[in-house]
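Notes to accompany the following structure.
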Amino acid sequence: MVKENFPLEEISECFGDPDAVVWLDLQRPSESDLHAITVEFGLHELAVEDAVHPHERPKLDRYDTHLFLSAYAVDFDEKLAVVHANEIAVFVLSHALITVRKSDGFDIDQVVARWDASHEFADEGVAFLLYGLLDVVIDGHFAAVQALDDQIEALEDLLFDDRRAQVEVVQRRSFELRKSLVLLRRVVLPMREVINALLRRDLHVVSERMGPYYQDVYDHVLRATEWTDSLRDLVNSILETNITIQGNRMNLIMKKVTSWAAIIAVPTAITGFYGQNLPYPGFGKDSGLIVSCGLIVGLGVVLYVAFKRWEWL
């Protein structure tokens, strides 16, 4: 029998049945709600405090009557290149699972859908409910990493675009993606310890039947962590490459400016020489003008050809 949407006060009746499993979901609970479940389930005050306070590190704490798990579900905004993290606190008891959502960002309906899709494991009780929740959370990590990977690939295509607008996009986007990867790694990396601790036999949380499924979740966590680290290194390489490219472009510009300055210096020197107030060959004659103009054009062409051959222009 399945009973849903019943008052919190009726939970005690469910505990009378040794085969009953209770799932209680709280979204931004009030102090009265937390006090009620603390009394009803005998939760430790430190675990309840962690469930209320934001920005807890992903972890698994062990108490006498229950476990406390903290995790983050994430989603990636492709337009802003920002990772949004939604904190979830979970109390794991022998016959009950209590989820506390500290924000509106995490859709619990997808967890329910995951449970419904694997209803053949429902007789595993809390282990099955916790597996479905963790599987959805880790799948979200994978989706975010995949989206970041796609963004970085698109960024690599813009890396060698000489247009100024694209250069600015690469710089801004690189820093945004790096910031998102740092946040994602901070969320994903501790989950290795969480899942690994759940697999310990002395906790008696994961049954032999559910063991392979938790191991699969653990493998996904490892892959997501390694993928995140590799993407972070790749973004750092993009930033370094972008700086190197900008330096090379600046050197090229300086070579061009220097080359044109050398060419312009030729007529400046010649006209300065012929501008002396002293007699010189061709002074006051048409031949002097012809010689000076010839030198300007000739030397200018020679320098231009030489710089072109050296790829300075």
Checklist entry - In nanometres, what is the gap between the two model label sites at D161 and A122, each 7 Å from Cα along Cα-to-Cβ? => result 5.2
Item to check | Added length on full extension, which subtracts the Cα-Cα distance from 0.36 nm per residue, R62 to F142 | outcome: 26.1 nm
Checklist entry - Hey, got the Cα dimensions of segment 8-247 along the principal axes, in Å, largest first? => result 72, 38, 29
Checklist entry - Among residues other than G140 whose Cβ falls under 11 Å from its Cβ, what is the net charge (Lys/Arg +1, Asp/Glu -1)? => result -4
Checklist entry - How far apart, in nm, are two points set 7 Å out from the Cα along the Cα-to-Cβ line at R172 and at V301? => result 4.9
Item to check | the chain: angle of helix 31-41 to the longest principal axis, Cα-based, in degrees nearest 10 | outcome: 50
Next on the checklist: Could you work out how much longer the chain between S207 and D219 gets when fully extended? Use 0.36 nm per residue separation minus the Cα distance between them, nm to one decimal.
Outcome noted: 2.5 nm
Checklist entry - Taking chymotrypsin sites (Phe, Trp or Tyr not before Pro) as exposed when DSSP calls them loop (any state but H, G, I, E, B) and at most 12 other Cβ atoms lie within 10 Å, what is the longest stretch of the chain free of them, the sites themselves excluded? => result 1-159
Next on the checklist: Can you compute the FRET efficiency between L189 and V112 using 1/(1 + (r/R0)^6), with r the Cβ-Cβ distance and R0 = 30 Å? Round to the nearest 0.05.
Outcome noted: 0.60
Item to check | Sites E240 and E78, calculated FRET efficiency, Cβ-Cβ separation with R0 25 Å, nearest 0.05 | outcome: 0.55
Next on the checklist: For a protection proxy built on the mean count of beta-carbon atoms within 10 angstrom, sort 81-90, 200-209 highest first, please.
Outcome noted: 81-90, 200-209
Checklist entry - When we measure straight from the Cα of K255, which aspartates and glutamates land under 17 angstrom away, once same-chain ones fewer than 8 places off are left out? => result E311
Checklist entry - Could you give the nm distance between label points at H53 and K308, where each point is 7 Å from its Cα heading toward the beta carbon? => result 7.3
Item to check | Nearest-0.05 FRET efficiency for S94 and E153, computed from C-beta distance (R0 41 Å) | outcome: 0.30
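The numbers here are math on the coordinates, done by the rules we state, and not lab data. Since we're looking at a predicted model, the values are computed, not measured. So basically every Cβ, Gly included, is an ideal-geometry build from the backbone, and we count neighbours across all protein chains shown.
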